[in-house]
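S.K.: Below is a structure I'd like to ask you about.
The values are calculated or read from the model by the stated rules, or taken from the named source; none is laboratory data. Just so it is clear, the structure is predicted and the values come from calculations on it, not from any experiment. Note that each Cβ is placed from the backbone with ideal geometry, even for glycine, and that neighbours are counted across all protein chains shown. Heads up: the accessible areas ignore ligands, DNA and RNA and are worked out on the full protein's heavy atoms, side chains in. Shrake-Rupley method; radii C 1.70, N 1.55, O 1.52, S 1.80 Å.
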Amino acid sequence: MRTKFLFDLDGTVTSVETLPLIACAFHIEQQIADLTARTVRGDVPFIDSFIQRVQILGELPVSQISDLLSTAPLYENLANFIRRHPESCCIVTGNILDWCAKLLNRLNCESYGSSAIIEGDKVKKLCRILKKEDIVKKYIDEGFRVVFIGDGNNDAEAMRIADVAIATGLTHYPAKSVLTVADYVIFNEKALCRILNQLF
């Protein structure tokens with residue numbers, strides 16, 4: 001059976017959370033950092049939190065955000081696994097694809113994310129917030145064995161229905177909801193790459 005590896009982006013493939021990175025660069029970090037921390041812990045529903053964060057960040061130029069995120073640090077061993085197997089790997093992020101476009105180009109694999117209406121180089125309106133479990137279902141329906149790798153509360157449902165669920169604690173401790181459904185819990189990048197190579 002063919003295997004498809006679905007990766008959360010923020011804090012899983014990147015070694016930082018991207019929304020706080022944006023906020024820091026534009027000096028609005030405190031309100032974003034508090035909201036992000038509560039979201040990662042599962043204290044605030046992801047959709048509610050994401051809408052609030054987009055409202056705050058939406059006034060910033062999309063082109064400048066994209067340029068900034070193009071330099072976001074990656075876990076390079078993990079990124080290299082994705083680059084070596086682009087046909088088997090996907091990024092599945094709740095983030096807005098327009099913001100992440102240049103960052104995702106560095107990974108050179110299929111990507112799914114949230115979409116927005118962009119006008120005047122700014123986010124005018126969120127069109128769709130990605131439900132990661134929908135992408136898991138899509139690949140299961142296509143006959144793939146799905147491995148989902150993530151760390152946040154908004155990964156939990158996707159991980160619950162994946163064939164193999166890997167919770168990562170590379171950037172911060174995994175959300176409780178993720179730990180309850182994970183087949184593996186990994187806190188080291190090299191160990192994660194070993195598991196991925198075994199599953200591949």
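S.K.: Can you pull the percent of the chain's accessible area that's carbon plus sulfur, 1.4 Å probe, other chains left in place?
M.R.: The nonpolar share, carbon plus sulfur, comes to 50 percent.
S.K.: May I ask which residue of 57, 188, 26 lies farthest towards the positive end of the charge dipole of the chain, with charges of +1 (Lys, Arg) and -1 (Asp, Glu) on Cβ and the Cα centre as origin?
M.R.: Positive-most Cα among the choices belongs to 188.
S.K.: Leaving ligands, DNA and RNA out of it, rank 67, 8, 183 by accessible area with a 1.4 Å probe, largest first.
M.R.: Ranked from most to least accessible, the order is 183, 67, 8.
S.K.: Of the beta bridges DSSP finds with both residues in the chain, what % are antiparallel, to the nearest 5?
M.R.: The answer is about 25 percent antiparallel.
S.K.: Just to check I understand the Karplus step: with θ = phi - 60° and J = 6.51 cos²θ - 1.76 cosθ + 1.60, what whole-Hz values come out for the stretch 76-92, glycine and proline as x?
M.R.: Values per residue, Gly and Pro as x: 5, 4, 5, 4, 5, 4, 5, 5, 6, 10, x, 6, 10, 10, 9, 9, 10 Hz.
S.K.: Quick check: from the Cα gyration tensor, does the stretch 63-139 come out rounded (a/c under 1.5), prolate or oblate? Spell out each step's value before the answer.
M.R.: Working: a/c = 2.82, a/b = 1.27, b/c = 2.22.
Oblate, because a/c is 1.5 or more while a/b does not exceed b/c.
S.K.: With θ set to phi - 60° and the Karplus curve 6.51 cos²θ - 1.76 cosθ + 1.60, what are the ³J(HN,Hα) couplings of the stretch 155-162 in order, to the nearest whole Hz, using x for Gly and Pro?
M.R.: 9, 4, 5, 4, 5, 4, 9, 5
S.K.: Considering only DSSP states other than H, G, I, E and B, which GluC sites (Glu not before Pro) in the stretch 117-194 qualify as loop sites with at most 14 other Cβ atoms within 10 Å?
M.R.: Details: sites: 119, 133, 142, 157, 189; in loops: 142.
Of the GluC sites (Glu not before Pro), the ones in loops of the stretch 117-194 whose Cβ has at most 14 other Cβ atoms within 10 Å are 142.
S.K.: Continuing with this model, one more query. What are the ³J(HN,Hα) couplings of the stretch 170-178, residue after residue, when phi is run through the Karplus curve with 6.51, -1.76, 1.60 and θ = phi - 60°? Round to Hz, x for glycine and proline.
M.R.: 6, 9, 8, 5, x, 4, 4, 5, 6
S.K.: Sticking with this structure for a sec: At most 11 other Cβ atoms within 10 Å and a DSSP loop assignment: could you name the GluC sites (Glu not before Pro) in the stretch 66-113 that fit?
M.R.: 87
S.K.: Dipole size in debye (nearest 20) for the stretch 114-200 around its Cα centre, Lys and Arg Cβ +1, Asp and Glu Cβ -1?
M.R.: In total the dipole reaches around 160 debye.
S.K.: Continuing with the same structure: Counting only residues 5 or more places away or on other chains, whose amide H sits under 5 Å from the amide H of residue 95 once H atoms are built in the peptide plane?
M.R.: 114
S.K.: Thinking of the chain as a set of Cα atoms, what percent of all their pairs are more than 26 Å apart?
M.R.: Numbers: 5336 of 19900 pairs.
Distances greater than 26 Å cover 27 percent of the Cα pairs.
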